Amino acid sequence: MSRQIQIKAALDQVRSEMSSGVELIVVTKTFPLSDLETLYSFGERHFGENRQSELSQKAATLERDINWHFQGGLQSNKLRAIVSASTYIHSLDQLHHAAKISEIAVELKKRQRCFIQINLDSVESRVESSKRSGIDPSELSAFTQRALELPGLVIVGVMGVAPLNTDPRPCFASLNQMSQEILKIAPNARFISAGMSGDYQIAMEYGATHIRVGSSILGLR
Ligand SMILES: *Cc1c(COP(=O)(O)O)cnc(C)c1O
């Protein structure tokens, strides 16, 4: 089977399982431009990347009507390049980054759309030391209030990653609660970015509006 046919079959499979109104982000990190071109030819316009250099390179090369979703760790010295290339940032979890992103966005005459990443590791008690990024759920309201004061940002919702090897349901339920909470302060921040190849169907049951799917469509990295 050709690579294109393989990708089309996998893409059709995921699309057939999607709830209506949910946005599919194909996570293209580590995959070559040719795969992005294939996905584009099948109508995909939302791509997810984790590294600034790879994002910048791909965004500079491909067509303009693509929505680029940055979901990797943020570093201060890379924020300018990330803001320049990203339609959405999913991994906002530090206020000093928020301030800097806002400043850069204002300079670039854009408003940077951001999800606030929530650390869901504490939801499942089996996960002990948490290395994953994201703010603690208890910080959401204060964090959001501060972020809303920044003129270059638009807070669009919450993002979470369920820890590996645990039942994702309590995590997605908790993220859904976080979504309700943020809506009280930011009525337009209604998006929930949740679910990857292993758990996107479950994430949609818990209200995900954006699913981030890589390996189920493009294969193992
Ligand atoms: C890599 C990655 C994904 C996609 O993971 P798959 O298991 O390949 O679907 C989704 N979200 C984040 C934050 C990622 O880093």
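Summary of computed values
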| read-out | value |
| --- | --- |
| Identity of the residue in segment 116-162, acidic (Asp, Glu) and assigned to a loop (DSSP other than H, G, I, E, B), that ends up modelled with the lowest pLDDT | GLU128 |
| Boolean, LYS100 is at pLDDT 95 or above, within 17 Å of VAL154 (Cβ to Cβ) and outside any helix (DSSP H, G or I) | no |
| Top-ranked residue of segment 198-221 - restricted to ones that are among the β-branched types (Val, Ile, Thr) and under 16 Å from the mean Cα position of the chain (by Cα), ranked as nearest to the ligand (Cβ to nearest atom) | VAL213 |
| All positions within segment 64-83 that are assigned to a loop (DSSP other than H, G, I, E, B) and either surrounded by 19 or more Cβ atoms within 10 Å (Cβ to Cβ) or at pLDDT 95 or above (or both) | ASP65, ILE66, GLN71, GLY72, GLY73, LEU74, GLN75 |
| Residues within segment 17-53 that are within 13 Å of the ligand (Cβ to nearest atom) and touching a Gly at 6+ places or on another chain (Cβ under 9 Å), tallied | 11 |
| Residue list for segment 163-197, filter: in a helix (DSSP H, G or I), hydroxyl-bearing (Ser, Thr, Tyr) and either over 13 Å from PHE115 (Cα atoms) or touching a Lys or Arg at 6+ places or on another chain (Cβ under 6 Å) (or both) | SER174 |
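To keep it simple, each residue is scored yes or no on (1) out of contact with any strand residue (DSSP E or B) (no Cβ under 8 Å at 6 or more places or on another chain); (2) more than 21 Å from GLN4 (Cα to Cα); (3) part of a strand (DSSP E or B).
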{"position": "PHE31", "(1), (2), (3)": "yes, no, no"}
{"position": "THR38", "(1), (2), (3)": "yes, no, no"}
{"position": "GLU44", "(1), (2), (3)": "no, no, no"}
{"position": "GLY48", "(1), (2), (3)": "no, no, yes"}
{"position": "LEU55", "(1), (2), (3)": "no, yes, no"}
{"position": "LYS58", "(1), (2), (3)": "no, no, no"}
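The values are calculated or read from the model by the stated rules, or taken from the named source; none is laboratory data. This one's a predicted model, so the numbers in the text were calculated from it and none came from an experiment. Methodologically, a virtual Cβ is constructed for each residue, glycine included, from the backbone with ideal geometry; neighbour enumeration extends over all protein chains shown.
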